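Taking it in order: structure first as structure tokens, then the write-up.
The values are calculated or read from the model by the stated rules, or taken from the named source; none is laboratory data. Note that the coordinates shown come from a computational prediction; the quantities given were computed from them, not determined experimentally. Cβ coordinates were reconstructed from backbone atoms using ideal geometry, including for glycine residues, and neighbour counts include every protein chain displayed.
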Amino acid sequence: MALWPFGKKKDEEAETTATTATPASEAVDATPDAGVNNGVNAPSALSGLGAVDEPEDVDDPSAGEPDPTHDAINGETGPFDGGSVNIQDFDFSDFSKGILDLGSLQVPLPLDSEVQVEMGEQGPRMLHIVTKYGRITPVAFAAPTSAGQWREATKDIAEGMRRDGLSVRVERGPWGREVVGEANDRQIRIAGVDGPRWMLRMTMISPADRADDMRDLGREVIARTFVNRGDAPILAGSPLPVALPKQLAEQVQQAMAQRAAQAKAQSAQPNLGNPTQPE
């Protein structure tokens, strides 16, 4: 693929060097929040690994065709296998303002983007990259050595979107199938790539009038993402563990402490309901 003409920092033939990207913990404004109101429901982090029949009414131009084989180690573009390829060997400075390092995922952040932590009842629930076109949600899963996990995942994702009332189609992208759902002038596009014992899933949500730009930017992010599967035994289909950078972790802790203080203050307020009437 020649869509992403990025190169390595250290080219032995040209003997060139490039500027190191700013660490994400210094470059990103991370806002603990409830997330962007996208108007459609994205599948949960654990969905998308079941093998079910393809819905008959989903438009799939790639039905019956083999998906392209992605080389995450020796390929010209990512996603790359972080256990075999070093992200520090690449120059993404023309595209990215820093690297979001989550341990199992290293994602170059697009220029003019921010990181947003979606909070749940028990703490951080999901992490999003917010751009001017919409938001991108990266998740990596453990997978078996056999290929074809993403192709099977698209069936479950498409069916889940249909149950949520979205109009669904399947498009063919650089790495194979991409599931696209639309509802309420919003579009959700989910792309995935099989790697060595891992599967990367990237969810892109945007207003319909910015969907093409969101698609193109999301693919650029995928092409520069690194997945570190590690050697620990992880059940296939389980999300790979992530570790928040220091600044993000501190902001999340502050948000959780604030939430706890607010809950304590509310519980301490006197009950101002109707008093019991004397007999």
Query raised in the report: In region 62-86, which residues are of a type in the set (A, V, I, L, M, F, W, C) and within 21 Å of the chain's Cα centre (by Cα)?
Result: A72, I73, F80, V85
Query raised in the report: In this structure, is I234 modelled with pLDDT of 95 or more and within 29 Å of P66 (Cα to Cα)?
Result: no
Query raised in the report: Taking into account only those residues within region 68-111 that are among the charged types (D, E, K, R), surrounded by fewer than 18 Cβ atoms within 10 Å (Cβ to Cβ) and in contact (Cβ under 8 Å) with a residue 12 or more places away in the chain, which is nearest to H128 (Cα to Cα)?
Result: D94
Query raised in the report: Which of the residues belonging to region 70-85 are touching a helix residue (DSSP H, G or I) at 6+ places or on another chain (Cβ under 8 Å) and hydrophobic (A, V, I, L, M, F, W, C)?
Result: F80
Query raised in the report: Has region 52-69 got any residue that is closer than 18 Å to A147 by Cα and modelled with pLDDT of 95 or more?
Result: no
Report summary line: (1) in a strand (DSSP E or B); (2) under 20 Å from Q149 (Cβ atoms) all hold for I234 apart from (1)
Query raised in the report: Which one is modelled with the highest pLDDT, of the residues in region 237-279 that are surrounded by 13 or more Cβ atoms within 10 Å (Cβ to Cβ), in a helix (DSSP H, G or I) and among the small types (G, A, S)?
Result: A255
Requested in this report: Identify the residue in region 197-213 that is more than 13 Å from the chain's Cα centre (by Cα) and not small (G, A, S) and, among all such residues, is surrounded by the fewest Cβ atoms within 10 Å (Cβ to Cβ).
Outcome: D209
Report task. Tell me which residues, restricted to region 87-108, are more than 11 Å from A223 (Cβ to Cβ), within 20 Å of the chain's Cα centre (by Cα) and not β-branched (V, I, T). Result -> S96, K97, G98, L100, D101, L102, G103, S104, L105, Q106
Report summary line: Selection over region 145-196 where residues are among the β-branched types (V, I, T), surrounded by fewer than 23 Cβ atoms within 10 Å (Cβ to Cβ) and touching a Pro at 6+ places or on another chain (Cβ under 6 Å) yields a count of 0
Requested in this report: Check E178 against each of (1) modelled with pLDDT of 95 or more; (2) of a type in the set (D, E, K, R); (3) farther than 22 Å from D71 by Cβ and name the one condition it does not meet.
Outcome: (3)
Query raised in the report: Any residue at all in region 182-189 that is assigned to a loop (DSSP other than H, G, I, E, B) and without any contact (Cβ under 8 Å) to a residue 60 or more places away in the chain?
Result: no
